[in-house]
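Taken together, the values in this text are just the output of simple stated rules run on the coordinates, not laboratory data. What you see is a predicted model; the values in this text were computed from it and never measured. So basically every Cβ, Gly included, is an ideal-geometry build from the backbone, and we count neighbours across all protein chains shown.
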Amino acid sequence: MLSKQRGSQRTKTSRAKSIYFMTWRWHFYAGLFVIPFMLMLSLTGLIMLFDDEIEFARYQSILKVEQGEHTTPISSQIDAINKVYPNSQVSQFIPSPNFKRANRFSIQTSDGHALIALVNPYTAEVQGTIDRSDSIYELMNRIHGTLLIGDLGDRLIEIAASLGILLLVTGLYLWFPKDAASWSGFLKVRVTSGSRILLRDLHANIGGVLSLVLLFF
């Protein structure tokens with residue numbers, strides 16, 4: 001009877017180890033595929049987040065205006081655009097974010113170009129245009145969405161997102177304690193056990209705690 005119990009226990013332990021190492025392999029291989037895409041998405045998303053600052057640095061000469069006492073009517077600013085770009089169509093008005101920036105108007109010119117017209121809100125003067133198709137934001141947006149290779153890039157990113165879910169789920173399984181010994185070291189970071197143990201603890205605990213947030217994201 002005792003030998004049967006020991007045999008059953010060894011079988012359960014062996015099965016648990018098999019599942020653990022299988023999960024670890026899935027976690028490892030998913031990470032190899034996902035990490036380059038996550039770095040790309042993070043970098044391009046960060047650059048897009050600071051689009052206004054980058055754009056102002058590039059086009060400061062035509063974005064900056066001297067603050068006046070009164071602003072001109074929006075209709076007058078649209079008329080000024082139509083004089084500079086006859087037969088153009090204004091599709092969107094983006095008001096100035098502060099008193100010293102030009103108003104923005106998305107326009108479609110008669111030859112089919114999509115531009116941002118910059119108009120001084122105090123004088124209704126068209127100070128210039130920005131071609132968004134040639135902007136850093138648009139380049140980052142295309143990389144972020146398609147890797148500049150069209151539908152193939154879009155599918156690769158979607159696969160990375162799916163494997164990212166697998167990465168988080170398997171990581172949670174590996175991180176969560178399985179026995180009393182594991183519970184004793186749960187959420188601890190061993191700073192005196194060498195750099196390898198330290199990095200492993202940081203990876204496990206930071207990843208485990210942030211997994212639900214990342215999964216939602």
Check your understanding: Roughly what angle does helix 136-146 make with the longest principal axis of the chain, taking Cα atoms, 0 to 90 degrees, to the nearest 10?
Key -> 40
Practice item. Please turn the phi angles of segment 104-114 into ³J(HN,Hα) values with the Karplus equation 6.51 cos²θ - 1.76 cosθ + 1.60 (θ = phi - 60°), one per residue in order, whole Hz, x for glycine and proline. Key: 10, 10, 7, 10, 10, 6, 5, 9, x, 7, 9
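Which whole number of Å³ per residue matches the convex hull of the alpha-carbon atoms in segment 97-169?
130
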Check your understanding: Which GluC sites (Glu not before Pro) does segment 12-85 hold that lie in a coil by DSSP with at most 14 other beta carbons within 10 Å?
Key -> GLU66, GLU69
Review point. Counting Lys and Arg as +1 and Asp and Glu as -1, what is the net charge of the other residues whose Cβ lies under 15 Å from the Cβ of THR71?
Key: -1
**Study point:** Residue-by-residue Karplus 3J(HN,Hα) for segment 200-217, coefficients 6.51, -1.76, 1.60, Hz, glycine and proline x
**Key:** 5, 5, 5, 4, 5, 6, 5, x, x, 5, 8, 4, 5, 5, 5, 5, 5, 5
Study note, to complete from the structure: The ³J(HN,Hα) series, computed from each phi in segment 57-64 with the Karplus coefficients 6.51, -1.76 and 1.60 at θ = phi - 60°, rounded to the nearest Hz and given as x for glycine or proline, is 5, 7, 10, 4, 5, 9, 8, 7
Review point. For LYS12, which lysines qualify as cross-link partners when the Cα separation must be under 20 Å and same-chain residues fewer than eight apart are set aside?
Key: LYS4, LYS178
Exercise for review: Kindly identify segment 14-68 as rounded, prolate or oblate by the Cα gyration tensor criterion: order the square roots of the eigenvalues as a ≥ b ≥ c, call it rounded if a/c is under 1.5, otherwise compare a/b with b/c, prolate if a/b is larger, else oblate.
Suggested key: prolate
Study note, to complete from the structure: Once amide hydrogens are built 1.01 Å from N within the peptide plane, the residues lying 5 or more places from GLU125 or on another chain with amide H under 5 Å from its amide H are ASN120
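What is the dipole size for segment 62-134, taken about its Cα centre, with +1 at each Lys and Arg Cβ and -1 at each Asp and Glu Cβ, in debye to the nearest 20? Let's see the in-between values first.
Details: 6 positive and 7 negative charges, 37 e Å.
The calculated dipole for segment 62-134 is roughly 180 debye.
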Study note, to complete from the structure: Options [x] -0.43, -1.03, -1.36; [y] -0.29, -0.88, -1.49; [z] -0.62, -1.01, -1.30 are given for log10 I(q)/I(0) by the Debye sum over Cα atoms at q = 0.09, 0.15, 0.19 Å⁻¹, and the computed one is [z]
Check your understanding: How much length is gained on full extension from THR13 to PHE28, taking 0.36 nm per residue of separation minus their Cα-Cα distance?
Key -> 3.2 nm
**Study point:** Centroid-to-centroid separation of segment 82-104 and segment 186-210 [C-alpha atoms, Å]
**Key:** 53
Revision key, fill the gap. Length-normalised contact order of segment 28-108, Cα under 8 Å, at least 6 apart, in percent, tallies to 23
Exercise for review: With a Förster radius of 35 Å, plug the Cβ-Cβ distance of ASP179 and MET38 into 1/(1 + (r/R0)^6) and report the FRET value to the nearest 0.05.
Suggested key: 0.65
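Return the Rg/Rh value of segment 63-106, two decimal places, where both radii are evaluated on C-alpha atoms and Rh is the Kirkwood radius. Write down the numbers at each step before the final one.
Numbers: Rg = 11.0 Å, Rh = 11.3 Å.
Computed over Cα atoms, the ratio is 0.97.
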Review point. What list do you get for LYS100, LYS64 if you sort them by fewest beta carbons within 10 Å?
Key: LYS100, LYS64
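Loop only by DSSP, 15 or fewer other Cβ within 10 Å of the Cβ. Give me the chymotrypsin sites (Phe, Trp or Tyr not before Pro) in segment 16-54 that pass, ordered by residue number.
On the way: sites: TYR20, PHE21, TRP24, TRP26, PHE28, TYR29, PHE33, PHE37, PHE50; in loops: PHE50.
Of the chymotrypsin sites (Phe, Trp or Tyr not before Pro), the ones in loops of segment 16-54 whose Cβ has at most 15 other Cβ atoms within 10 Å are PHE50.
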Review point. Fully extended, how many nm does the chain gain between VAL191 and ILE159 (0.36 nm per residue separation, minus their Cα-Cα distance)?
Key: 7.9 nm
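Would you mind classifying segment 1-101 by shape? Square roots of the alpha carbon gyration tensor eigenvalues, ordered a ≥ b ≥ c; an a/c under 1.5 is rounded, otherwise it is prolate if a/b is larger than b/c and oblate if not. Please list the in-between numbers first.
Values: a/c = 5.06, a/b = 4.71, b/c = 1.08.
Prolate is the answer for segment 1-101, as a/c is 1.5 or above and a/b outweighs b/c.
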Point to revise | Neighbour-count order for ARG196, ARG58, ARG104, fewest beta carbons within 10 angstrom listed first | key: ARG196, ARG58, ARG104
